[in-house]
Amino acid sequence: MINAESHKIVEAVKRQLEDVMDPELPFLTIGEMGMLRDVYYEEDHTVIVLTPTYSGCPATDIISEDSLKAARVVDPKAEVAISMSPAWTTDWISEETRTKMEANGIAPPIGSSNDRAFLTGEGKMVPCPLCKSKSTKMVSAFGSTACKASFTCLDCSEPFEHFKCI
Amino acid sequence: MTDSQLKEVLLRLGDDTLILAQRLGEWCGHAPILEEDIALTNISLDLLGRTQNYLKLAGELYKPTKSDDNLAFHRDPEEFTNLLLLEQPNGHFGDTICRQFLFDNFSLLLTVHLASQEVNTDIAAIAAKAIKEIRYHVDHSSKWMLRLGGGTSESHEKIQGSLDKLWQFTDEMFEIDEVTSAAVESGLFPDLTTLKSRWLDNVMSILTEARLSILSNTEMKYGGRNGNHTHHLAEILEVMQVLPRTYPGTTW
Ligand SMILES: [Zn+2]
């Protein structure tokens, strides 16, 4: 059934998914995070294609459940498919979303993932999201979740997290 | 390569990361500093993610099929195919870092090949996703090798001791047997002799900078791939499997 009706259902599911947030960054939607890859209709149901940020990201299960819950309001038969390829990258996070991250106290990924030096955030200037100082220091290449590294601001002394560029 | 050989390859990939993930998880709440507590458990989580991906694929090749959880929780020590290196105890922080450093460098080279081969696209997709994570792990363990090797005389002595203790388990990563031969022949695996010399180059460049040396006449240990493990594996499984075995099918 690929017709006007299925198209309408897909559009309705997409609208529903606009309210599904990343549980680890609850001010961003899964669409803004680049985890929602596709929504399409197959035979008699909608398929929501999601991709995990990290292989072991525990949020993936929660995101799948939340997406299903939201989608099944309009299509009770909706299903989730997890796609590994192409691998998720911070390049899919828009400038607008990066600004939103910073406004919420998280230093966004800087530049493109193709630059190997940008991987850990070490050796690059990560401005403090709070006071905007350029004098900051990486405390650990790891953080509270797989996607973040820990920094501290040498001017306002606030610890903050930097979203790793992968 | 036969289906049963492919299953064996997937089990080995999944078992390696599963056992190392479980070992690293033992550091949760015990690492010498908070940042390392977070680092080691984050790495553990990455490894566990890869485990799930590989064991899911392996499970599909059983008749009837098995879940990743079933493979992790309901096999006995002799059915596990992980490297002996990865079941070795955490010891002190340097022991853990050294074990990680030796494996990370192997894992990166193998995974880069797995991501580029076209024999099995499912494995290629898992590997492509894992590369960036493993680079991060290599970066972490290499920096610690440099710091500990070039640190105080005590840290230098301790990390040299870790290396002396663990070196005997390194050749198993490049062991040639029926399964790896078939994997190499099909193109799924890279040539293991070349892989070993590239691994040695990468590892030695860091060790030399850290002023560390390897024992030249080490008798290498093998057996993990065939289920002949050191007694440490049974200890790991006892902790890891107790809940699902005591309460089968339990969820939370
Ligand atoms: Zn600041």
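The values are calculated or read from the model by the stated rules, or taken from the named source; none is laboratory data. Remember, predicted model here, so these are calculated numbers, not experimental data. Here the Cβ is made from the backbone with ideal geometry for all residues, glycine too, and neighbour counts use every protein chain on show. We work out accessible area using only protein heavy atoms, side chains counted, and drop any ligands, DNA or RNA first. Shrake-Rupley method; radii C 1.70, N 1.55, O 1.52, S 1.80 Å.
Annotations for the structure displayed:
- For the stretch A:4-82, the Kirkwood hydrodynamic radius from C-alpha pairs, put into Stokes-Einstein at 10 °C and a viscosity of 1.306 mPa s, yields a diffusion coefficient of 128 µm² per second.
- Pairwise centroid distance, computed over Cα atoms, of the stretch B:49-95 with the stretch A:143-157, Å: 33 Å
- Point-to-point label distance, B:D69-B:V112, nm (Cα→Cβ direction, 7 Å offset): 3.8 nm
- P(r), alpha carbons of chain A - 5 Å bins starting at zero, rounded %: 1, 9, 17, 19, 17, 13, 9, 7, 5, 3, 1, 0, 0
- Here the simple spin-label model places points 7 Å from the Cα toward Cβ, and for A:I82 and A:C131 these points are separated by 4.2 nm.
- Extended-chain gain in nm, criterion 0.36 nm per residue less alpha-carbon gap, B:E178 and B:E78: 34.2 nm
- Going by accessible surface with a 1.4 Å probe and the largest first, B:M204, A:M125, A:M101 read A:M125, B:M204, A:M101.
- Stokes-Einstein D for the protein assembly as shown, Kirkwood Rh over Cα pairs, 25 °C, 0.890 mPa s (µm²/s): 107 µm²/s
- For the stretch B:150-191, the fraction of alpha-carbon pairs in successive 10 Å shells from zero, as %: 25, 28, 20, 18, 8
- By accessible area with a 1.4 Å probe, ligands and nucleic acids excluded, highest first: order of B:V239, A:V139: B:V239, A:V139
- Equivalent-ellipsoid semi-axes of chain B, from the Cα gyration tensor, Å, largest first: 28, 22, 17
- All Cα-Cα separations within the stretch B:162-228 were binned at 10 Å from zero, giving a P(r) of 18, 45, 29, 8, each value a whole percent of the pairs.
- Partnerless cysteines, meaning none of the other Cys C-beta atoms lie under 4.7 Å away, in chain A: A:C57, A:C147, A:C165
- Probe 1.4 Å, all protein chains present, accessible-area order of A:I9, A:I166, largest first: A:I9, A:I166
- Using a probe radius of 1.4 angstrom, the carbon and sulfur fraction of the accessible surface of the stretch B:201-252 is 53%.
- Coupling constants for the stretch A:88-103 follow from the phi torsions by the Karplus curve (6.51 cos²θ - 1.76 cosθ + 1.60, θ = phi - 60°), and in residue order they are 4, 9, 5, 4, 7, 8, 6, 4, 4, 5, 4, 5, 5, 4, 4, 5 Hz; glycine and proline get x.
- For the stretch B:71-206, projected area of the alpha-carbon convex hull averaged over all directions, nm²: 9.0 nm²
- Charge context of B:E185, other residues only, Cβ under 11 angstrom, K/R +1, D/E -1: -2
- Computed over the stretch A:91-163, Cα set: Rg, Dmax in Å: 11.3, 32
- Estimated FRET transfer efficiency (A:K124, B:E209; beta-carbon r; R0 22 Å; 0.05): 0.45
- Proximal charge balance of B:T96 [Cβ under 11 Å; K/R count +1, D/E count -1]: -1
- Kyte-Doolittle mean at least -1.0 and Cα axial length at least 24 Å: DSSP H helices in chain B: B:3-25, B:34-60, B:93-116, B:121-149, B:192-209
- In a reduced charge model with +1 at each Lys and Arg Cβ and -1 at each Asp and Glu Cβ, chain B shows a dipole moment near 340 debye about its Cα centre.
- Measuring nothing but protein heavy atoms, the accessible surface of the stretch A:4-82 at 1.4 Å probe radius is 51 percent carbon and sulfur.
- The angle between the Cα long axis of helix A:59-71 and the main principal axis of chain A comes to about 40°, on a 0 to 90 degree scale.
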